[in-house]
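Peer 1: Below is the structure I would like to discuss, written out as structure tokens.
Only the coordinates and a few stated rules stand behind these numbers; no lab work does. Values in this document were obtained by computation on a predicted structure and should not be read as measured data. When we count neighbours, we look across all protein chains shown, and the Cβ atoms used for this are built from the backbone with ideal geometry, even at glycine.
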Amino acid sequence: MTDFLLELLSEEIPARMQEKASADLARLFTEELAKAGLKADALVSYVTPRRLALIARGLPLETAAVSEEIKGPRSSAPPQALEGFLRKTGLAREQLVDRDGVLFAVIEKPGRATADVLAEAIPAIIRAFPWPKSMRWGTASSSTASLRWVRPLQGIVALLGDDVVQLEIDGIVSRSATVGHRFHHAGPITIGNADDYAAKLRACHVIVDADERRRIIREGAAAVAATAGLTVVPDEGLVAENAGLTEWPVPLLGSFDPAFLAVPREVIQLTMRTNQKYFACTDGEGRLAPNFICTANIVASDGGTAIVAGNRKVLAARLSDAKFFWEQDLKVPLAESAKKLDQIVFHEKLGTVADKVDRVAKLARWLVEEGIIKPSPLRGEGWVRGSEAQPSVQPHGSETLTQPSPERERVLLADQAEQAARLCKADLVTGMVGEFPELQGIMGGYYARAEGLPDAVADAIRDHYKPVGQGDDVPTAPVTVAVSLADKLDSLKQFFAIGETPTGSKDPFALRRSALGVIRLLTDNGLRFAIPADLLDFFADRLKVQQREAGIRHDLIDAVFALGGEDDLVRLLARVKALQAFVTSEDGVNLLAGYKRAANILKKEERAAPSPPLGGEGRGEGAALEALSRTSSPLPPLPTLSPASGGEGYMFEPAEAALIAALESAEPRATAAIAAEDFAGAMTALATLRGPIDAFFTDVTVNDVNPEKRLTRLAILEKIRAAVHKVADFSKIEG
């Protein structure tokens with residue numbers, strides 16, 4: 001057994017492509033070897049800006065001999081079929097094996113040298129490599145058949161043990177030599193074998209392990225920031241990107257003119273991150289510091305002074321541009337900017353962004369006026385001057401501010417929700433958002449605050465896209481909730497109306513994300529809102545996904561949705577959570593078992609009886625007897641199911657009477673609890689049925705030879721099912 005080293009040296013590979021390229025190399029290598037019956041004991045892959053590499057441990061020097069068997073035609077098949085099979089296998093008729101009238105070709109394949117397998121596999125891997133973007137170069141690039149690679153391929157190291165695997169592709173011949181750091185090491189490096197690859201490159205200022213480079217950047221940045229009493233703003237994506245730009249990373253601390261801190265923090269951080277790949281820093285109080293950390297690719301003789309100075313100069317130019325956009329945008333009120341939204345098409349069937357804004361504004365106001373979103377009693381805002389107020393007062397300098405009446409608060413909230421909605425997309429036409437689209441909403445909030453709009457309006461403009469992802473904060477301020485909810489509901493309703501619904505993995509308008517955002521806004525804020533009927537199934541699917549991640553069983557959601565008519569997500573989830581707590585308890589497990597036994601008996605009878613089925617319209621014991629009587633001898637009317645009386649021909653047995661008494665007690669209590677949305681109380685009421693149901697099935701024969709007894713007992717089972725179904729459809733519950 002021996003080890004194999006492969007290195008593909010090239011010009012700089014874009015950082016964003018490196019991680020996938022490393023995984024693709026390992027995958028393609030494994031697949032190519034598997035075709036020859038080879039498998040490495042272990043495989044490790046590396047990537048730097050200039051090279052892709054892998055080491056395969058424990059390869060045999062030769063592949064094993066194999067016997068391949070190919071099934072052919074029957075021995076009685078026409079001559080044409082036999083001739084075709086012989087051409088395919090390259091064998092003569094006498095070489096075929098006849099097994100029970102079927103011909104087989106048995107082809108013995110001798111073992112091959114692993115080096116020969118690799119010599120064929122490596123060029124195949126290179127030509128099949130799935131780069132997102134690739135290029136041709138040199139004189140060979142005039143032909144479409146020439147080699148393509150992400151950047152010009154410069155060298156191939158292929159060593160099996162201590163020996164070079166001889167191969168060539170487009171004039172590039174495999175060898176045992178590579179190069180070290182572009183600036184710190186001149187000349188070739190001879191690699192002995194896989195074991196000394198990483199060590200020799202490290203000696204030449206190349207760290208081949210991307211994880212190690214990330215650690216050096218992360219820890220080095222924290223260390224240089226600490227020397228100035230600063231903290232690095234965490235950014236793992238930027239750590240990975242810098243690791244993809246350097247083979248010998250050296251974090252360096254720099255500074256910029258504090259005057260630029262007048263520009264919003266997000267703008268400065270995004271400028272540094274996007275344009276320069278710099279880390280931002282904060283001071284001891286969490287404020288953005290006028291500093292940056294860049295990652296050099298060399299150990300500079302001056303300690304990095306010149307590098308930092310150059311980076312500072314470039315950053316100053318970038319921040320000057322950002323400052324210019326900021327100052328120019330401040331000169332135009334958001335209301336003026338909003339007038340330009342009619343020049344931006346939202347969707348060809350749904351009009352312009354201005355049309356969307358108008359819909360959102362009306363919906364946001366409606367959500368408040370209908371009482372779905374109410375003023376927050378603790379928000380600490382809305383204090384006004386004037387006489388229309390509650391008796392409570394709040395001192396404010398030399399004035400006394402009074403708290404508005406509830407009606408005035410509602411009107412104020414509606415006005416602010418509409419105002420924020422009409423301005424929430426205005427920053428789309430600003431210079432800053434044109435430069436940094438990621439800041440839409442955020443910049444609108446800054447501009448609104450700068451022109452003196454109420455904080456509630458500015459906050460709503462800033463946060464109306466939230467929540468964007470599962471880990472994003474959910475707005476709680478009433479104005480923000482109104483605008484955010486209206487924006488997402490409008491997108492869902494409008495796109496569903498024109499048939500632009502998500503299909504499979506395709507969701508071009510992010511409607512699944514919008515639905516999850518609506519769910520979180522409603523449930524986290526306890527908002528009672530009826531989901532439109534045409535969206536209910538879509539929301540049910542999204543709710544299952546969200547709640548499954550939260551540990552809620554999907555079958556319980558199905559059990560509640562199956563009741564029908566439930567379009568209030570807050571109430572639905574309260575019911576689901578109470579149901580989950582109940583069915584995992586001992587009482588719940590036993591009641592579920594009793595329910596399923598009753599339901600199975602009823603299903604059997606329903607299959608035998610004509611419509612209407614048991615449990616359909618007219619659900620109850622009367623429906624049971626009516627349905628069953630059509631297939632039985634004439635029966636008397638259903639007797640009153642009370643523990644004091646039985647059918648006309650018999651008295652209730654003790655277990656029957658006890659179950660009926662329990663039902664008469666539990667059902668109204670469960671119904672009342674459900675009406676009060678006390679779903680845990682409803683479960684508690686149903687739990688009292690557990691014992692009587694167990695005793696009923698132990699002591700009573702449901703399918704009695706007496707038709708009256710049989711039908712009356714079936715009616716009792718139907719009453720059990722009806723009582724339980726007021727809480728949830730237990731037939732959907734697994735277990």
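Peer 1: Need the list of lysines near K39 for cross-linking: C-alpha distance under 28 angstrom, and skip anything on the same chain fewer than eight residues off.
Peer 2: Filter leaves K20, K71, K109, K200.
Peer 1: Provide the net charge surrounding T701, with neighbours chosen by a C-beta distance below 13 Å and charges set as Lys +1, Arg +1, Asp -1, Glu -1.
Peer 2: Local net charge: -1.
Peer 1: Which log10 I(q)/I(0) values, to two decimals, does the chain give at q = 0.10 Å⁻¹ under the Debye formula with one point per Cα?
Peer 2: For the chain, the Cα-only Debye profile gives -1.11.
Peer 1: Straight distance only, please: which aspartates and glutamates reach the Cα of K709 with their own Cα at less than 12 Å, same-chain residues fewer than 8 apart left out?
Peer 2: Answer for K709, where 12 Å is the Cα cut-off: E648, E653, E656, listed by chain and number.
Peer 1: Placing +1 at every Lys and Arg Cβ and -1 at every Asp and Glu Cβ, with all other atoms neutral, what dipole size does the chain have around its Cα centre, in debye to the nearest 20?
Peer 2: Value, rounded to 20: 1100 debye.
Peer 1: Which GluC sites (Glu not before Pro) in the range 264-355 sit in a loop by DSSP (not H, G, I, E or B) and have at most 14 other Cβ atoms within 10 Å of their own Cβ?
Peer 2: Sites meeting the loop and neighbour criteria: E285, E348.
Peer 1: With +1 on each Lys and Arg Cβ and -1 on each Asp and Glu Cβ, how big is the dipole of the range 86-205 about its Cα centre, in debye rounded to the nearest 20?
Peer 2: Dipole magnitude for the range 86-205 comes out near 680 debye.
Peer 1: Sorting V468, V179 on the 10 Å Cβ count, fewest up front, what's the list?
Peer 2: So the residues, fewest neighbours to most, are V468, V179.
Peer 1: Then there is this: Count the DSSP beta bridges whose two residues both fall in the chain, then state the antiparallel fraction as a percent rounded to the nearest 5.
Peer 2: 95 percent
Peer 1: So, one more: Would you work out which of V150, P467, L485 lies farthest towards the positive end of the dipole of the chain? Charges go on Cβ: Lys and Arg +1, Asp and Glu -1.
Peer 2: Value computed over the given set: V150.
Peer 1: Rounded to whole Hz and in sequence order, give me ³J(HN,Hα) for the range 50-62 from the Karplus expression 6.51 cos²θ - 1.76 cosθ + 1.60, θ = phi - 60°, writing x for Gly and Pro.
Peer 2: 10, 7, 10, 8, 8, 10, 9, 9, x, 8, x, 6, 9
Peer 1: All other residues with a Cβ under 10 Å from the Cβ of G58 taken together, and with Lys, Arg as +1 and Asp, Glu as -1, what is their net charge?
Peer 2: 0
Peer 1: Which of the listed residues, Y46, L82, V106, is farthest toward the dipole's positive end in the range 29-114, when Lys, Arg count +1 and Asp, Glu count -1 at the beta-carbon?
Peer 2: Farthest towards the positive pole: Y46.
Peer 1: Calculate the dipole size of the range 506-617 relative to its Cα centre from +1 charges on Lys and Arg beta carbons and -1 charges on Asp and Glu beta carbons; express the result in debye to the nearest 20.
Peer 2: Magnitude of the dipole: close to 280 debye.
Peer 1: Going Cα to Cα from K488, which lysines come in below 25 Å? Please leave out same-chain ones fewer than 8 positions away.
Peer 2: K339, K340, K349, K356, K362, K374, K425, K466, K506, K544
Peer 1: In what sequence, highest mean first, do 679-685, 697-703, 586-592 appear when ranked by Cβ atoms within 10 angstrom?
Peer 2: Top of the packing list down: 679-685, 586-592, 697-703.
Peer 1: Same structure, new question: Using the Karplus equation 6.51 cos²θ - 1.76 cosθ + 1.60 (θ = phi - 60°), what ³J(HN,Hα) coupling, rounded to whole Hz, does each residue of the range 727-735 give in order, writing x for Gly and Pro?
Peer 2: With coefficients 6.51, -1.76 and 1.60, one gets 8, 6, 7, 5, 5, 7, 7, 6, x Hz.
Peer 1: Which far-off residues, 5 or more places away or on another chain, put their amide H under 5 Å from the one on V179, with H placed in the peptide plane?
Peer 2: I189
Peer 1: Based on Cα coordinates alone, diagonalise the gyration tensor for the range 422-575, multiply each eigenvalue by 5, take square roots, and list the semi-axes in whole Å, largest first.
Peer 2: Semi-axis lengths for the range 422-575 are 31, 17, 13 Å.
Peer 1: Anything in the chain that counts as a DSSP H helix reaching 30 Å or more along its axis (C-alpha) with Kyte-Doolittle mean of at least 0.0? List them, would you?
Peer 2: 305-330, 654-675
Peer 1: Of C204, A322, M272, which is farthest along the charge dipole of the range 202-331 in the positive direction, counting Lys and Arg as +1 and Asp and Glu as -1 at C-beta?
Peer 2: A322
Peer 1: Report the Stokes-Einstein translational diffusion coefficient (µm² s⁻¹, integer) for the range 64-160, Rh taken as the Kirkwood radius over Cα pairs, at 10 °C with viscosity 1.306 mPa s.
Peer 2: Diffusion coefficient, whole number: 90 µm²/s.
Peer 1: Under 10 °C and 1.306 mPa s, how fast does the range 206-282 diffuse according to Stokes-Einstein, given a Kirkwood radius computed over C-alpha pairs? Answer in µm²/s, whole number.
Peer 2: 121 µm²/s
Peer 1: Given a Förster distance of 41 angstrom, what is the FRET efficiency for T701 paired with K374, based on the Cβ-Cβ distance and rounded to 0.05?
Peer 2: Plugging the Cβ-Cβ distance into 1/(1 + (r/R0)^6) gives 0.10.
Peer 1: If you don't mind, there's one more thing I want to ask. Could you order the peptides 226-236, 139-149, 573-583 from most to least packed, using the average number of other C-beta atoms within 10 Å per residue?
Peer 2: The most tightly packed comes first, giving 573-583, 226-236, 139-149.
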